[in-house]
1. Please work out the Cα center distance from segment 112-144 to segment 189-218, rounded to the nearest Å.
2. Put one equal scatterer on each alpha carbon of the chain, apply the Debye formula with no solvent term, and list log10 I(q)/I(0) at q = 0.12 1/Å to two decimals.
3. Rounded to the nearest 0.05, what FRET efficiency do A56 and E199 give with R0 = 35 Å and r taken as the Cβ-Cβ distance? Could you check?
4. At 7 Å along Cα-to-Cβ for each site, give me the label-to-label distance between V117 and T173 in nm.
5. Could you rank the peptides 114-127, 27-40 by their average count of other C-beta atoms within 10 Å per residue, with the highest value first?
6. For labels at A30 and A128 in the simple 7 Å Cα→Cβ model, what's the distance in nm?
7. Exactly which GluC sites (Glu not before Pro) in segment 134-179 are in a DSSP loop and have at most 15 other Cβ atoms within 10 Å?
8. For segment 26-79, what does the convex hull of the Cα positions come to per residue, in cubic angstrom?
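Please treat every number below as a calculation from the coordinates, not as lab data. These numbers were taken from a predicted model, which means no experiment stands behind them. Using ideal geometry, Cβ is built from the backbone for each residue, glycine included, and neighbour counts are taken over all protein chains shown.
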Amino acid sequence: MIEKLLPAPISAAESFHDDPVEEMYPEERALVANAVPHRRREFGTVRNCARRALAAFGVAPAPVLPGPGRAPRWPDGVVGAMTHCTGYRAAAVARAADFRALGLDAEPNEPIGDPGVLGLVSLPEERAQISRLATHQPEISWDRLVFSAKESVYKAWYPLTGRWLGFEDARLTLDPSDATFTARLLVPGPVVDGRQLAEFTGRWLIGAGLVLTAVTVPAATR
């Protein structure tokens, strides 16, 4: 499913079931040695997805370990992102010459439910938009979609800045006509290829009980 959101030449892999923990590298197993079993399995499975995606670029299998901010450390010349939620794991990678950053997120297509939580992860304008959209397409959990899109934005933002981006630091606008979104930054954006980014754009997909979102930051065309 995730490949439907990603332009070429991005490579992606996904899984709807977990691999045995034995398929992890020792360095990876050590990082989750004290975690509950399902956490160990999802940790390893999403990294196996990353290795399958990297193989499309001829990258030999190797541990995928966390770096600063717990973001994955990718091989030189590669950018990428990973995501997992109940029943789903995915990873996508691209050459840094083609894309400066990627962001992915998967969530269950279920309402957040708790108004307090929704208030923490969304702005008033976004909550108004959620209410409007829910009257026309109630089968989509729009609050969860806003949350997922902001997670994808953060995953694209962090490798470019090394800084935190709060839920209140970007204003999201959803376009249901083509399943796209724009996140307008409310803080100074990173400078990428000589220009300061004012917004991130992405796409979403609903299917298999999931909300999937993806953000890409293409390299400047020469």
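1. Cα centroid of segment 112-144 versus Cα centroid of segment 189-218: 19 Å apart.
2. -0.64
3. Numbers: r = 29 Å, r/R0 = 0.83.
In this case the efficiency is close to 0.75.
4. Each label point lies 7 Å from its Cα, and together they span 2.9 nm.
5. Per-residue mean Cβ counts within 10 Å order the peptides as 114-127, 27-40.
6. Taking the simple label geometry, A30 and A128 are separated by 5.3 nm.
7. The qualifying sites are E139.
8. Values: hull volume 4.4 nm³, N = 54.
Considering the Cα atoms of segment 26-79, their hull volume per residue is 81 Å³.
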